[in-house]
Each structure stands twice: as C-alpha cells, then as structure tokens.
Amino acid sequence: MLANIDREVIGAPDVQILECKTAGLNGSRLWKEGVPEYVQLQVQHQLVVTGKAAADVAVLLGGQHLEIHRIQRDEALVARLIQLEAAFWRYVETDTPPPVDGSESAELALRCLYPQDKGVAVDFSTDRNLSATFADWVSVRQTLAETEKLESKLKQALQQAMGEASRAIFETGEVTWKKAKDSVVLDTARLLADQPDLLKTYGMQRQGSRRFVLA
C-alpha cells in the first residue's frame, strides 16, 4: 500500500500528518457537517500506510474561512478499508471489471465503457440471476414511482396549508417556500427563427448518449 501525504508533522505528540484542502463555494457545502467521507477515507488510508495515529485536515473554504479538523485513527474502519482495497487491487491484477455498486462513478464508468450500442439483442431469458435482477429492477421502479407520487401529495398538502406564507414551523422541523429572483434568459427559438443563419455559424454538435428504457 502506498500513500502521498501533504505534510508530516514533527514535534507534536498528538498529531503526525497534515492534509491540506481547498473548497470553492459549491464544494464548501460538503464541509457543513465536518470532514466529507471521501476525505476521511483518504486520511485513514494515510494513517494505515504511515502507521500514524492522527492527522489534521486543514481546509480553506471559499478562499476566506480556514477550518482545521482532527481525525483519529479508527481501527475498525482501517481493517475494513484494507479488505476493500485488497479486493479492488485483485480486480486490477486480474484485469477484471469490478461489480457495479449503484454509485455515480459506476454509472459514469459504464457510460464511458459502452458509449454506443450495436443494434443487436441478447437473450437472458434462461439466465436466472439476470432475470431475477430484471424483475427486481422493475419492482423497485414501481415502488419509486409510488413513493414519488406520495411525496408529491404530502408536499402539496403542506403548500396548500401555507398559502402565501414564506415559512412554516412544525413539531419536528420547518420548511420555506420562497419565490426565486426573476432572471433573463435568451429566447433561442425566436432568435433562430428570425436569424436562421446563426445556427450554421455557431451550431455545435451534441453527442448523444444511450438511454436505458423499459420496453
């Protein structure tokens, strides 16, 4: 196992590593509740490789606000991390694609690996595992649709009760319902209707993507 650390702390008995981060306005939201999970895992990995007990994470938020967070070595998390990293490295050594996990990175990887279809059909009707996966997927889609409909109904009931109020307070929390600022947008349809040559001059091809659709 290898790791690249930003700085090694010398002369401080309670901390041995310093990890430095910056976050813009959008990235700062990830730090509202402390160190984001991906940074915690990065630091725990560093502590494993170096054999150290603690690290400080210094982050500059929005170029203005500096925060310093202490992360102690978590032996249970470290043990699990070693297992997961070893399993992942076996996929690398055997040139085997890892199984999908439902993450955004897995979705992006699949789009990059298989950007186009070849117009052929594959028959999985005799594959019990994939047929069961398909049936589960259809069932989950139906559950999601029903849940989303219920969520909309509950939200609308609250909005109806609020009327023109901006904020509502409940026993377990509160919500706000405010109008966003007006904005000016370009009416591209009208512009191109009046000046169709603009599309020839400034038109840019947008690459299509594959859509996964229930037939």
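Residue-wise test of (1) surrounded by 13 or more Cβ atoms within 10 Å (Cβ to Cβ); (2) in a helix (DSSP H, G or I).
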| position | (1), (2) |
| --- | --- |
| T22 | no, no |
| S28 | yes, yes |
| E33 | no, no |
| Q42 | yes, yes |
| V48 | yes, yes |
| D56 | yes, no |
| L60 | yes, no |
| I68 | no, no |
| I71 | yes, no |
Among E37, E8, the single one that is farther than 14 Å from I68 by Cβ, exposed (fewer than 13 other Cβ atoms within 10 Å of the Cβ) and more than 16 Å from the chain's Cα centre (by Cα) is E8
Reported set for segment 185-215 where residues are over 30 Å from the mean Cα position of the chain (by Cα), over 30 Å from C112 (Cβ atoms) and not polar (S, T, N, Q) is L186, D187, A189, R190, L191, L192, A193, D194, P196, D197, L198, K200
Across segment 2-24, the tally of residues that are in contact with a strand residue (DSSP E or B) (Cβ under 8 Å, 6 or more places away or on another chain) and of a type in the set (A, V, I, L, M) stands at 6
Among residues of segment 73-105 being closer than 20 Å to I17 by Cβ, free of Cβ contacts under 8 Å to residues at least 24 places away in the same chain and not charged (D, E, K, R), the residue surrounded by the fewest Cβ atoms within 10 Å (Cβ to Cβ) is A76
The correct count of residues that are in a helix (DSSP H, G or I) and either surrounded by 10 or more Cβ atoms within 10 Å (Cβ to Cβ) or touching a residue at least 24 places away in the same chain (Cβ under 8 Å) (or both) in segment 106-141 is 18
Problem - Residue check, A79 within 30 Å of P98 (Cα to Cα) and modelled with pLDDT of 95 or more - result: yes
message: Considering only segment 167-178, I want to know if a residue exists there that is farther than 30 Å from F88 by Cβ, of a type in the set (K, R) and in a loop (DSSP other than H, G, I, E, B).
response: yes
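The values are calculated or read from the model by the stated rules, or taken from the named source; none is laboratory data. Note that the structure is a prediction, hence the values are computed from the model and not measured. Neighbour counts run over all protein chains shown; Cβ positions are idealised from the backbone, glycine included.
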